[in-house]
Amino acid sequence: MEVYRRFSDYLKERFGCRVHKISVYAGFFCPNLDGTLSKKGCIYCNNYAFSPCLRENLEIEKQIEKGIEYGKKRFKAEKFIVYFQPYSNTYAPIEILKEKYGIVKKFSEIVGISIGTRPDCIDDEKLELIESYSDKYEVWIEYGLQSIHDKTLKIINRNHTYSDFLNAYDLTRKRNIKICVHVIIGLPGETKKDILETAKECGRLKFDGIKIHPIHILKDTELERWYKGKRFKVMEMEEYVDILCDFLSYLHPETIIQRLTADCDRKFLVAPDWLLEKQKMLKLLGEKMKEKNIYQGKNYKEIQ
Ligand code: SF4
């Protein structure tokens, strides 16, 4: 038995072949950086580190072409999902969104789109546009949730509340759009209890997908200053894995686990070094889950 539901397995079942996700920078920005809400952004944010596509400075078509070529060669992928990744990809007038998302129609190999955004950058009109792609594509929206605790959202300078997220969730749930959330383990001020409260909510809301990663310190961020000033410590791999086991146990068994760590270019990473040891972390997680007899959804019934 698989201890958690992997995204790669889901894609293979759903599309019958290898599917590769292409990250694309479509020229959007973020209200938490442009001064609308703040100019500082989230304390861990460095979009250049998150998104190699942002550093390449290519037009959307070129990025997709390159991604298809790479995915075919490197992974023998036959189909592709375009992931609008950096910044907040619903933060623009509807005509601009339509123009940018519509570029996917030029490529016959594309079977899905995934749109990453903040929960306070969505409304019914935008969701209607996004849902309109669901007749031909698998459509995902990825919301940055990070934590359900408003005290944490304040500390990390998200400039939205959990209730903003619930509002976006309610609007999205009515539509034929899959919801994936991003959660960070190890945020400043959070205890294991706080983190597992977020896990229980993620279970209760039965998300279609989730991306979880450990907090990590990137260059040129507020968090780097906290870390260097000894105001904040990162987790060891073992501690992260221990919490992650329990976190997964509270999720709905059907929720697709899209990611359990972060990919980061070494040149942007300050700490922890173990973030670069992805396979080692995943191996340890598998071992720990077996040892503790934990699997995704094991404790889900507790929250019903
Ligand atoms: S919402 Fe995303 S892009 Fe905006 S500041 Fe936070 S992490 Fe950066």
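Observations
- For the chain, the carbon plus sulfur part of the accessible surface works out to 48%, probe radius 1.4 Å.
- Segment 7-303 - Debye-derived log10 I(q)/I(0), Cα point model, q = 0.14 Å⁻¹: -1.13
- Local electrostatic count, Gly297, Cβ distance below 12 Å [Lys/Arg +1, Asp/Glu -1]: +1
- Annotation: cysteines of the chain without a disulfide-compatible partner (Cβ-Cβ under 4.7 angstrom) are Cys17, Cys30, Cys53, Cys121, Cys180, Cys202, Cys245, Cys264.
- As a length-normalised measure over Cα pairs under 8 Å and 6 or more apart, the relative contact order of segment 5-157 settles at 25 percent.
- With a threshold of 20 Å on the Cα-Cα distance, the over-threshold entries among Lys100/Lys206; Lys21/Lys219; Lys174/Lys206; Lys21/Lys280 are Lys100/Lys206; Lys21/Lys219; Lys21/Lys280.
- Neighbourhood net charge (12 Å Cβ-Cβ; Lys/Arg +1, Asp/Glu -1) for Glu95: +1
- Taking every alpha-carbon pair within segment 151-304, the share separated by more than 20 Å comes to 53 percent.
- Dipole moment magnitude, nearest 20 debye, the chain about Cα centre, only Lys, Arg, Asp, Glu C-beta charged: 700
- Solvent exposure of segment 7-303 as accessible area per residue, Å², 1.4 Å probe: 46
- Calculated FRET efficiency for the pair Phe29/Leu196, C-beta based, R₀ 30 Å, to 0.05: 0.30
The values are calculated or read from the model by the stated rules, or taken from the named source; none is laboratory data. Just so it is clear, the structure is predicted and the values come from calculations on it, not from any experiment. Heads up, the Cβs are rebuilt from the backbone with ideal geometry, glycines too, and the neighbour counts pull from every protein chain shown. Remember, those area values only see protein heavy atoms, side chains included, never the ligands or the DNA or RNA. Shrake-Rupley method; radii C 1.70, N 1.55, O 1.52, S 1.80 Å.
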